[in-house]
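Trainee: Sharing a structure, written as structure tokens. Questions coming.
The values are calculated or read from the model by the stated rules, or taken from the named source; none is laboratory data. Predicted model, so just to flag it, every value in this text is computed and none were measured. No Cβ is skipped: glycine too gets one built from the backbone with ideal geometry, and neighbour counts run over all protein chains shown. The protein model used for the area step is the full one, side chains on, heavy atoms only, and it has no ligands, DNA or RNA in it. Shrake-Rupley method; radii C 1.70, N 1.55, O 1.52, S 1.80 Å.
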Amino acid sequence: RRRFPEGAARRVLAFADEPDGLVRRHVVSALAVVPGPEAALALRKALADPSAPVRSWAARTCLEVRGRVGADAAWWKAVISVLEEEVAWEPDDDMRWKRLGEAREHAGDVTGAIAAYERALLLDSTASDLRARVAALRPR
């Protein structure tokens, strides 16, 4: 893993409250590589941002960094809420359904994860990774 430049995290976090939604969206993307609890707090805040694109990028970033931010039930509830908005906007986008499935799976909602993954498979039947994931999640 690459070392994050000294002082760079502070500079990125300084723009988290920028009025411009495009800047906030870029900040959220950068938070994927910013270490520390301040980045996790900024992501949580971004999940409730008034801008839908900022919330969307925050949810995607949360999936990327889930192992190092101490994601709890409230974290996943916020992520899932944003991803459910996304699939409502674009119900024919298999990647949105896949992300929703991932979030539900990490939250412990196996039934919900399977449902989302199956919807993604309906949209992209060639996704062998999803087919394998569903098979692994199904009770035997």
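Trainee: Calculate for the chain the 222 nm mean residue ellipticity that helices alone would give, adding -39,500 (n - 2.57) per DSSP H run of length 4 or more and normalising by residue count, nearest 500 deg cm²/dmol.
Mentor: Computed mean residue ellipticity for the chain: -21500 deg cm²/dmol.
Trainee: Determine the dipole magnitude for the chain: charges of +1 sit on the beta-carbon of Lys and Arg, -1 on that of Asp and Glu, nothing else is charged, the reference point is the Cα centre, and the result goes in debye to the nearest 20.
Mentor: On the way: 23 positive and 21 negative charges, 127 e Å.
The calculated dipole for the chain is roughly 600 debye.
Trainee: Next up: Tell me the net charge near Ser51. Cut-off is 13 Å between Cβ atoms, Ser51 excluded, with +1 for each Lys or Arg and -1 for each Asp or Glu.
Mentor: Details: positive: Arg24, Arg25, Lys45, Arg55; negative: Asp17, Glu18, Asp20, Asp49, Glu85.
Net charge in that neighbourhood comes out at -1.
Trainee: Sticking with this one: Taking all protein chains as present, what is the carbon and sulfur share of the accessible area of the stretch 1-112, in % to the nearest whole number, probe 1.4 Å?
Mentor: Working: 3400 of 6230 Å².
For the stretch 1-112, the apolar C and S fraction of the accessible surface comes to 55 percent.
Trainee: Between Ser128 and Ala32, what is the spin-label point distance in nm, taking each point 7 Å from the Cα along the Cα→C-beta axis?
Mentor: 2.5
Trainee: Round to the nearest 10 and give me the degree value, 0 to 90, for the angle of helix 110-123's Cα axis relative to the longest principal axis of the chain.
Mentor: Helix 110-123 sits roughly 80 degrees off the main axis of the chain.
Trainee: Still on this structure: Per 5 Å bin, what percent of the C-alpha pairs of the chain does each bin hold, from zero upward?
Mentor: Calculated over all Cα pairs of the chain, the distribution is 2, 11, 20, 19, 18, 13, 9, 6, 2, 0, 0 percent.
Trainee: While we're looking at this one, here's another question. Positive end of the dipole of the chain, charges at C-beta (+1 Lys, Arg; -1 Asp, Glu), about the Cα centre: which of Leu100, Pro5, Ser81 has its Cα farthest in that direction?
Mentor: Going by the Cα projections, it comes out as Pro5.
Trainee: Also: Does anyone have the angle between helix 37-46 and the longest principal axis of the chain? Alpha-carbon axes, 0 to 90°, nearest 10?
Mentor: Helix 37-46 sits roughly 70 degrees off the main axis of the chain.
Trainee: Suppose all protein chains stay in the model; what accessible area per residue would a 1.4 Å probe give for the chain, in Å²? The partial results should precede the final answer.
Mentor: Values: 8000 Å² over 140 residues.
That works out to 57 Å² for each residue.
Trainee: Quick one: which of 88-94, 33-39, 116-122, 71-77 comes out on top by average Cβ neighbours within 10 Å, and what's the full order, highest first? Write out the running numbers ahead of the final one.
Mentor: Numbers: 88-94: 12.3, 33-39: 16.4, 116-122: 20.0, 71-77: 14.3.
Packing proxy ranking, top to bottom: 116-122, 33-39, 71-77, 88-94.
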